[in-house]
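Novice: Pasting a structure here, questions to come.
Bear in mind these aren't lab numbers, they're just calculated from the coordinates by the rules spelled out. Bear in mind that the values here come from a model prediction, so they are computed numbers and not experimental data. Ideal geometry is used to build each Cβ from the backbone, glycine not excepted, and the neighbour counts take in all protein chains shown.
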């Protein structure tokens with residue numbers, strides 16, 4: 001039986017922004033590199049991990065999202081992003097994904113009548129995303 | 001500066017609800033969270049003046 005995402009937890013730079021987020025993606029991937037050599041068949045190598053979090057924010061009247069993102073952009077420093085499927089503590093059934101991220105910009109705008117969103121905000125991860133099942 | 005801050009915005013900071021006290025070690029993060037209006041330095045406790053002798 002499937003489930004519906006209703007209660008994801010998203011924390012950016014220690015700030016709980018869950019109620020400003022309309023969608024979140026946790027991307028964990030490594031590019032496939034060709035490791036084939038003469039005398040053998042196709043061989044594949046794992047390239048460098050290129051993990052990221054991608055978030056669509058809905059801003060509020062206080063511009064909470066822009067207030068949150070602007071210092072991250074201007075500081076040019078690393079910060080932590082944490083995502084869980086549910087707002088409860090990390091567990092075997094509620095994995096926590098954490099990454100040390102940098103931020104390189106966002107685009108805000110929209111047409112008349114559109115919702116005030118900042119879509120596709122990407123937080124690329126330095127290194128790779130760590131997962132925690134609450135057992136540590 | 002102390003690493004203890006009062007959560008003054010509307011959002012939880014490191015799991016601490018507004019009105020609570022949170023410890024932030026990273027100075028750059030302290031600056032960012034203050035700039036965004038999430039935290040403010042925890043007010044130092046007022047020590048009562050020593051009673052005058054005589």
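Novice: Which residue fluctuates most in the GNM of chain A (Cα springs below 10 Å): A:75, A:34, A:50?
Specialist: A:34
Novice: Take the Cα coordinates of chain B, assign each an equal point scatterer, and use the Debye formula without solvent to give log10 I(q)/I(0) at q = 0.14 Å⁻¹.
Specialist: -0.40
Novice: If I model a spin label at residue B:44 and residue B:17 as a point 7 Å from the Cα along the Cα→Cβ vector, what separation in nanometres do I get?
Specialist: 3.1
Novice: Roughly what would the spin-label model give for residue B:26 and residue B:52, points 7 Å off Cα along C-beta, in nm?
Specialist: It is 5.2 nm.
Novice: Hey, another quick one. With only alpha-carbon atoms in the gyration tensor, what are the semi-axes of the equivalent ellipsoid for chain A, in Å, largest first?
Specialist: 31, 20, 16
Novice: I would also like to ask the following. Does anything in the stretch A:48-68 have its amide N under 14 Å from the 7 Å Cα→Cβ label point of residue A:116, and if so which residues?
Specialist: A:57-68
Novice: Please check: in the Gaussian network model of chain A (C-alpha springs, under 10 Å), which one of A:111, A:92, A:30 has the largest mean-square fluctuation.
Specialist: Fluctuation is largest for A:111.
Novice: Here's something else I'd like to know. Thinking of the stretch A:1-49 as a set of Cα atoms, what percent of all their pairs are more than 17 Å apart?
Specialist: Details: 723 of 1176 pairs.
The answer is 61 percent, as a whole percent.
Novice: Taking the mean number of other Cβ atoms within 10 Å as a proxy for protection, how do you rank A:124-133, A:82-91 from highest to lowest?
Specialist: Packing order, densest peptide first, comes out as A:82-91, A:124-133.
Novice: Taking every residue in B:8-15, how many Cβ atoms of other protein chains lie within 10 Å of its Cβ, on average?
Specialist: 5
Novice: Here's a follow-up. What is the log10 of I(q)/I(0) for the stretch A:64-136, computed with the Debye formula using one identical point scatterer on each Cα and no solvent, at q = 0.11 Å⁻¹?
Specialist: Listed by q, the Debye log ratios stand at -0.38.
Novice: Once you've got the GNM for chain A with C-alpha springs shorter than 10 Å, pick whichever of A:116, A:19, A:62 has the biggest mean-square fluctuation.
Specialist: Answer for the Gaussian network model of chain A: A:62.
Novice: A follow-up question, please. Against the longest alpha carbon principal axis of chain A, how many degrees, from 0 to 90 and to the nearest 10, is the axis of helix A:64-75 turned?
Specialist: So the helix axis and the longest Cα principal axis differ by about 50 degrees.
Novice: Using just the helices of chain A, give the 222 nm mean residue ellipticity in deg cm²/dmol: DSSP H runs with n ≥ 4 each add -39,500 (n - 2.57), and the total is spread over all residues, rounded to 500.
Specialist: -2500 deg cm²/dmol
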